[in-house]
Amino acid sequence: MLGWALVRVAVGYTGLGMEAGLRTIDERMMRQALSLAHVAARLGEVPVGAVVYRGEKVFGAGINLREHAADPTAHAELIAMRQAGRRLGTWRLDECSLAVTLEPCPMCAGAMVNARLGRLIYGCRDPKMGCVDSLFRLCHEERFNHRIFCLEGVDREACGAVLSDFFAQRRAGANPPKPVFDPSLDLLDWQHWLKIRDPGTATHVRQDAGEPAG
């Protein structure tokens, strides 16, 4: 309950009804992020999904696309934040929340601080690269000029399972072939790209994630 208490204070919600409503939104957004993680797995990418939202509106969504984009920065969180910034017309995401299935790495955690992200919700910890709570606490660092209210453990088991299943299949040789670089890939237009590459899931993901406003 401590995590939810911190979130309630952070956003100025003091009534239990508002807290319950916020939690419902966060859980729904995490389910959308999980849906995206499953798409990444089907494409042969490490399954991580993320959405950026304000209230109940999604402004950015991403999956891990490092292999397809041949881009070491093409993490789900960064793609989602880039989309949100483009749609909102500002790099400041202080009024937004981000839900991601896996604890962010140092690159993504640092980008969230630089984006002045309002809230971070993540599913399972990453003991090897996680820099929100596991190895470092970059989002809570008091020496930075911005700190993020974070909540871990939303749909923890499901978020961990999609990763465990992916790597178990990889060890068994059952995963799709390793993706190859696609020079036509536009990281800010992931829905169009998924429709071309994975037509069986494109409509489902678009409905789950919602059409961003603006």
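The values are calculated or read from the model by the stated rules, or taken from the named source; none is laboratory data. Only a predicted model underlies this, so the values are computations on that prediction, with no experimental measurement involved. All Cβ positions, glycine included, derive from the backbone under ideal geometry; neighbour counts span all protein chains shown. These area figures cover heavy atoms from the full protein model, side chains too; ligands, DNA and RNA do not enter into them. Shrake-Rupley method; radii C 1.70, N 1.55, O 1.52, S 1.80 Å.
Among the residues of the range 150-168 satisfying the criterion of being hydrophobic (A, V, I, L, M, F, W, C), under 21 Å from the mean Cα position of the chain (by Cα) and in a helix (DSSP H, G or I), which is nearest to residue 121 (Cα to Cα)?
159
Name the residue, out of 171, 147, 143, that is out of contact with any Gly (no Cβ under 9 Å at 6 or more places or on another chain), open to solvent by 20 Å² or more (accessible area, probe 1.4 Å) and farther than 20 Å from residue 120 by Cα.
The unique qualifying residue is 171.
Would you say residue 134 is part of a loop (DSSP other than H, G, I, E, B), hydroxyl-bearing (Ser, Thr, Tyr) and at pLDDT below 95? Step through it out loud before you land on a result.
Numbers: part of a loop (DSSP other than H, G, I, E, B): yes; hydroxyl-bearing (Ser, Thr, Tyr): yes; at pLDDT below 95: no.
Criteria not met by residue 134.
Does residue 119 qualify as being open to solvent by 40 Å² or more (accessible area, probe 1.4 Å) and basic (Lys, Arg)?
No.
Take the residues in the range 46-101 that are polar (S, T, N, Q) and touching a residue at least 24 places away in the same chain (Cβ under 8 Å); name whichever of them is surrounded by the most Cβ atoms within 10 Å (Cβ to Cβ).
Within the range 46-101, the match that is surrounded by the most Cβ atoms within 10 Å (Cβ to Cβ) is 101.
How about the range 43-96: which of its residues are among the β-branched types (Val, Ile, Thr) and either closer than 22 Å to residue 147 by Cβ or part of a loop (DSSP other than H, G, I, E, B) (or both)?
Step one: filter the range 43-96 for residues among the β-branched types (Val, Ile, Thr), giving 46, 48, 51-52, 58, 63, 73, 79, 90.
Residues satisfying the conditions are 46, 48, 51, 52, 73, 90.
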